[in-house]
């Protein structure tokens, strides 16, 4: 990790999104992160690569099991 102008930190993050009713996780995604808010910013090229990857039928590198909770107000 290294500091860049405007206080954002270049690092690698884990990105997750729901696609076709399943959660897809992508590890080691390059991003700029605001250390105060945690907000993540991705380059247009990274966004395009994520779009292609999560909508592809490619086999995942590995699979994880994760608990799911229903929020009750």
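The values are calculated or read from the model by the stated rules, or taken from the named source; none is laboratory data. The structure displayed is predicted, hence computed values, not measured ones. Here Cβ is always computed from backbone atoms with ideal geometry, including for glycine, and neighbour counts include all displayed protein chains.
Some observations on this one:
- Residue pairs whose Cβ atoms lie under 9 Å apart, separated by 6 or more positions or on different chains, with the first residue in segment 48-62 and at positive phi and the second surrounded by 10 or more Cβ atoms within 10 Å (Cβ to Cβ) and in a helix (DSSP H, G or I), do not occur.
- In segment 42-65, the count of residues that are touching a strand residue (DSSP E or B) at 6+ places or on another chain (Cβ under 7 Å), surrounded by fewer than 11 Cβ atoms within 10 Å (Cβ to Cβ) and modelled with pLDDT of 95 or more is zero.
- Of everything listed in (1) over 14 Å from the mean Cα position of the chain (by Cα); (2) under 26 Å from residue 67 (Cα atoms); (3) surrounded by 11 or more Cβ atoms within 10 Å (Cβ to Cβ), the single unmet condition for residue 8 is (2).
- Cβ-Cβ under 6 Å pairs, at least 6 apart or on other chains, segment 10-24 side at negative phi and without any contact (Cβ under 8 Å) to a residue 40 or more places away in the chain, far side loosely packed, with under 12 Cβ neighbours inside 10 Å and not in a strand (DSSP E or B): 10/4; 11/1
- Candidate set: segment 42-72, residues that are under 24 Å from residue 9 (Cβ atoms) and assigned to a loop (DSSP other than H, G, I, E, B); chosen: the one farthest from the chain's Cα centre (by Cα): 43
- Test set (1) assigned to a loop (DSSP other than H, G, I, E, B); (2) in contact with a helix residue (DSSP H, G or I) (Cβ under 7 Å, 6 or more places away or on another chain) - residue 24 fails condition number: (1)
- Taken over segment 28-41, the criterion of being exposed (fewer than 14 other Cβ atoms within 10 Å of the Cβ), assigned to a strand (DSSP E or B) and either in contact (Cβ under 8 Å) with a residue 24 or more places away in the chain or touching a helix residue (DSSP H, G or I) at 6+ places or on another chain (Cβ under 9 Å) (or both) is satisfied by 30, 41.
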